[in-house]
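Notes follow the structure.
The values are calculated or read from the model by the stated rules, or taken from the named source; none is laboratory data. Because the structure is predicted, anything quoted here is derived from the model rather than measured. A quick note on method: Cβ atoms are made from the backbone with ideal geometry, for glycine too, and the neighbour counts reach across all protein chains shown. Heads up: the accessible areas ignore ligands, DNA and RNA and are worked out on the full protein's heavy atoms, side chains in. Shrake-Rupley method; radii C 1.70, N 1.55, O 1.52, S 1.80 Å.
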Amino acid sequence: MIANASRMPSDTAESQGLRTDALHNRNRIVEAARETFAALGLDVTMREIARRADVGVATLYRRFPTKESLIVEVFAEQIAECVSAVDDALADPDPWHGFCMVIEKACTMQAVDRGFTAAFLSALPGAISFERELDHNVRGFAELTRRAKESGQLRADFVYDDLKLLIMANGGISAESPEVTLAASRRLVALLLQSLHAHPADPPAPLPPAVALGPHHLVNPPTR
């Protein structure tokens with residue numbers, strides 16, 4: 001009994017060391033996946049994520065058996081943030097401000113993270129468990145649209161497919177750095193929101209600063 005008892009602290013320390021090491025690997029995988037999805041989108045391979053995390057592929061699959069499970073973990077915080085943005089907009093007493101706030105937030109998140117929109121719309125084969133959050137946001141945005149139209153501030157012919165069109169246009173921005181992409185996105189969104197207002201200001205509100213984008217960005221988007 002004494003001999004066994006003398007080994008317990010060492011065994012406990014070893015167990016704690018293994019748990020710490022496993023947690024460290026998991027955090028490295030999630031961080032590497034977050035950065036890789038943001039820069040390259042969701043088509044990147046699990047092997048590439050393992051390489052960037054400096055872990056073995058077997059270690060990655062031990063922590064995340066499928067790519068979908070890794071995506072859910074990586075984007076859980078952004079999904080919660082997106083849901084919160086819709087809830088905040090619904091609580092805004094100004095329907096137009098709430099409507100604009102959601103579009104600006106969604107486009108900003110898309111501009112800084114190429115993988116986010118694809119993940120939220122479940123673009124990968126197989127089910128990604130964001131259906132409840134997506135349904136919440138679709139219903140919330142529909143209510144924001146109704147309120148903004150009833151207030152006379154949103155043009156009456158706006159439809160939900162126009163939001164998809166706006167998101168697609170914003171997703172097409174490509175620049176030499178994430179900072180320039182974000183700046184271009186802000187200007188594009190400001191232009192589009194002015195076009196959606198039922199009674200545009202005269203003179204119109206100032207736009208965010210223009211961004212210099214070379215012609216090559218239209219045909220050969222840079223890889224990051």
Determine if region 183-201 includes at least one residue that is open to solvent by 40 Å² or more (accessible area, probe 1.4 Å), modelled with pLDDT under 85 and within 22 Å of P95 (Cα to Cα).
yes
How do the pairs read when you match residues in region 69-93 that are under 17 Å from I103 (Cβ atoms) and in contact (Cβ under 8 Å) with a residue 12 or more places away in the chain with residues anywhere that are open to solvent by 30 Å² or more (accessible area, probe 1.4 Å) and among the basic types (K, R), using Cβ under 7 Å and keeping only pairs 6 or more apart or on different chains?
A85/K105
Enumerate the pairs (first residue in region 176-191 and more than 17 Å from A38 (Cβ to Cβ); second residue anywhere and open to solvent by 60 Å² or more (accessible area, probe 1.4 Å) and assigned to a helix (DSSP H, G or I)) with beta-carbon separation below 9 Å, excluding pairs fewer than 6 apart on the same chain, so at least 6 apart or on different chains.
R186/E104; V189/E104; A190/E104
Within region 5-43, track down each residue that is modelled with pLDDT of 85 or more, touching a Phe, Trp or Tyr at 6+ places or on another chain (Cβ under 9 Å) and over 16 Å from P65 (Cα atoms).
R34, F37
